[in-house]
Amino acid sequence: MRPRVVIAETIAQAGIEALETHCYVEDAVGLARPALTELLHDAQALIVRSATEVDAALIGTAPHLRVIGRAGIGVDNIDITAATSAGIVVVNAPQANVISAAEHTMALLLGQARNLPRADGVLRSGVWDRKSFQGVELYGRTLGVIGLGRIGSLVAERALSFGMQVIAHDPYVGVERARGLQVELADGLDELYAEADFITLHLPLTAETAGMINAETFDKMRPGVRIVNTSRGGIIDEDALVEAIRSGRVAGAALDVFATEPVTDSPLFDLSEVVVTPHLGASTREAQDKAGIDVAEAVAAALGGELVQSAVNVDLGSDVMDEVRPFLPLAEHLGRVFVGVARGLPDRLSVRAEGRIGEYPIGPLRLAVLKGALSAVSSATVSYVNASALAERHGIAITEESSTESTEYVSLVRLDGTVGGREVSLAGTIGRRAPMLVEIFGYEVDLPLSQYMLIVTNADVPGLIGRVASFLGAHDINIANMVVGRSSITGAAQMMGIDIDQPLTPDMVEAVRELEGVEEAQFVKLPLV
Ligand code: 3PG
């Protein structure tokens, strides 16, 4: 069945069309919350922009929701904690609107400095007034950029081309990066406040940044400073800004975002020194096309169970390198096979990457193993998002190791663990055509992973393969492939891996265990491989 994707805010048609190739798309643009809630009941994905409050209550009414897509950058309207604990992946489009946001910042900076909106309004009202709108130049003045991330850097670059000096504050940016941008790094915010003639904010709204520009900080700024905000409204204390402008301490402000949106009535709107726009930073054709397409791709990939780079609530520990990505399905299957053959979750599990894959960070592989292992036993949604938290809840102590050495395979993923005191190990690689098991319980095998597998450990006695095969045949179970595992130490053939065309019932597995010479038998089911 095609997954249902509810689109709650306008995104580009190109994004909708991209989604329609794999999903059933429900148009919920403009719907009131009760109607949206109703649609979400059967939905697997929801796409929003900044106006839809995706809170814990809304998430709670969507039992099948697996992905929330944000067609833009800010995710402050989404309750990430609630999404994470429900195993819902939150993806955004982090690059889509950075140019548009930077250009809008420049438009506001210039618009405020040269009184453009007011002059425009007065002329349209029939008055040719050249005296009232004297502005200030940007040239030679200092711009303070708070937050030198993607948008802040683009603004800095543009301001430099206007002959401004740029000073920035960002605890995550090093001196080298700042030097490369020709930006001076301020030694703390107070230095930036003391030096900047214009201040522009490029920060997310968080508990730390909420209200950070307030009466106290205005007092630290240069008298006559002008402030631009295209990031998030709640970062500026709006009442304090009104006061600071009325008192002349702040010469003006240009605001695209507000503490509460939508807003049509604010004391800020009565001040001639203030230029306002209704959250238009990302409102360009280019940004919307890109955000729509980017979010559609990310949502489709996340619905397909892929680890999406733009997932904001997945703790990867590192980027997913191109070299590691093809091993994620293998790692997930190994996690499932491990739980299948061990008949339970491990208390301790080590994920080891050997050979070429050992050269790269393997945090994503660890997550994939956990996702597979937990999905095998859990009725709840297990995703990359909640796999670590669920593992912790189940008391799984997981470690990861890497080695660039591998004896037989270019790259190998190995799982070693204990389940109720028993040691269980297996290893797999990506074969010529498919992921395959190459070792189970220390026995060497060459078994491509398949949907239904029977793993048997047995005494190395004649006739055993025949007994198992006859049993399966008698139950009309077709054998697609069968391998015998040999001990790498003794050479004894004490393991069989059988790829079968139909699932086995628990009774059948029990009956295989009763066959003469069989020590243990496990049926393992994998999602279609
Ligand atoms: C963002 O966070 O991407 C911008 O603020 C744009 O928001 P919007 O998609 O609601 O226009």
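The values are calculated or read from the model by the stated rules, or taken from the named source; none is laboratory data. This is a predicted model, so every value here is computed, not measured. Neighbour counts are summed over all protein chains in view; Cβ atoms, including those assigned to glycine, are modelled from backbone coordinates with ideal geometry. Accessible surface is based on the protein model in full, side chains and every heavy atom, while ligands, DNA and RNA are left aside. Shrake-Rupley method; radii C 1.70, N 1.55, O 1.52, S 1.80 Å.
Taking all protein chains into account, the per residue accessible area for segment 325-525 stands at 44 Å² (1.4 Å probe). For segment 1-61, the alpha-carbon coordinates run over 30, 26, 16 Å along the three principal axes, in decreasing order. Here's how it looks for Ala397: its modeled amide H is under 5 Å from those of Arg348, Leu349, which are all 5 or more places away or on a different chain. With respect to the chain, whose longest principal axis is taken over its alpha-carbon atoms, helix 327-342 is tilted by about 50°.
Each Cα pair of segment 119-207 feeds into the Kirkwood radius, which the Stokes-Einstein equation turns, at 10 °C and 1.306 mPa s, into a diffusion coefficient of 110 µm²/s.
If R0 is 45 Å, the Cβ-Cβ spacing of Ser487 and Thr21 corresponds to a FRET efficiency of close to 0.35.
Using θ = phi - 60° in the Karplus curve 6.51 cos²θ - 1.76 cosθ + 1.60, the 3J(HN,Hα) couplings for segment 4-21 round to 9, 10, 9, 9, 8, 9, 4, 10, 4, 4, 4, x, 4, 5, 4, 5, 5, 5 Hz; x is entered for Gly and Pro. Among the trypsin sites (Lys or Arg not before Pro) found in segment 95-138, those both in a DSSP coil and sparsely packed, with 10 or fewer other Cβ atoms within 10 Å of their Cβ, are Arg130, Lys131. Computed about its Cα centre, the charge dipole of the chain is approximately 700 debye, with only Lys, Arg, Asp and Glu carrying charge at their Cβ. Rounded if a/c is under 1.5, else prolate if a/b beats b/c, else oblate: with a ≥ b ≥ c from the C-alpha gyration tensor eigenvalues square-rooted, which is segment 98-276? In terms of gyration-tensor shape, prolate. Give me the net charge for the shell around Val413: Cβ to Cβ below 15 angstrom, other residues only, Lys and Arg +1, Asp and Glu -1. Around Val413, the charge tally is -3. Charge dipole (Cα centre; +1 on Lys/Arg Cβ, -1 on Asp/Glu Cβ; no other charges) of segment 98-276 amounts to roughly 680 debye. Descending by average beta-carbon neighbour count within 10 Å, the peptides 141-148, 210-217 line up as 141-148, 210-217, the highest first.
Note: relative contact order over segment 109-200, using C-alpha pairs below 8 Å and six or more positions apart, is 28 percent. For Lys131, the aspartates and glutamates whose Cα comes closer than 17 Å to its Cα, not counting residues fewer than 8 places off in the same chain, are Asp120, Glu273. Just need log10 I(q)/I(0) for segment 325-525 at q = 0.17, 0.18 Å⁻¹, Debye formula, equal scatterers on the alpha-carbon atoms, no solvent, rounded to two decimals. Taking Cα atoms of segment 325-525 as identical point scatterers yields -1.15, -1.26.
Working value for the chain: equivalent-ellipsoid semi-axes of 60, 24, 18 Å, each the square root of 5 times a Cα gyration tensor eigenvalue, largest first.
Straight-distance candidates among the aspartates and glutamates for linking to Lys525, with alpha-carbon spacing under 13 Å and chain neighbours fewer than 8 residues away dropped: Glu332, Asp499, Asp501. Working ranking of peptides 133-139, 445-451, 171-177 by packing, defined as the average number of other Cβ atoms within 10 Å per residue, highest first, is 445-451, 133-139, 171-177. Sort segment 420-470 into rounded, prolate or oblate with this rule: let a ≥ b ≥ c be the square roots of the eigenvalues of the Cα gyration tensor; rounded if a/c is under 1.5, and if a/c is not under 1.5, prolate when a/b is larger than b/c, oblate otherwise. Verdict is oblate for segment 420-470. Residues His64, His333, sorted by accessible area with the largest first, give His64, His333 [1.4 Å probe; ligands and nucleic acids excluded]. Contact order for the chain, expressed relative to its length and based on alpha carbon pairs under 8 Å spaced 6+ residues apart, stands at 12 percent. In sequence order, segment 356-370 has phi-based couplings of 4, 4, x, 7, 10, x, 10, x, x, 5, 4, 4, 5, 4, 5 Hz under the Karplus curve 6.51 cos²θ - 1.76 cosθ + 1.60, θ = phi - 60°, and Gly or Pro positions carry x.
Its relative contact order, with pairs defined as Cα atoms under 8 Å and 6+ residues apart, puts segment 98-276 at 20 percent. Working note: 222 nm ellipticity from helices only, DSSP H runs with n ≥ 4, each -39,500 (n - 2.57), summed and divided by the residues of the chain, gives -9000 deg cm²/dmol to the nearest 500. Shown in residue order for segment 246-254 are the 3J(HN,Hα) couplings computed by the Karplus curve 6.51 cos²θ - 1.76 cosθ + 1.60 at θ = phi - 60°: 4, 7, x, 4, 10, 6, x, 8, 10 Hz (x for Gly and Pro). The GluC sites (Glu not before Pro) of segment 249-297 include none that meets both conditions, a loop assignment by DSSP and at most 16 other Cβ atoms within 10 Å of the site Cβ. Within segment 404-478, the trypsin sites (Lys or Arg not before Pro) that combine a DSSP coil assignment with at most 15 other C-beta atoms in a 10 angstrom radius are Arg432, Arg433.
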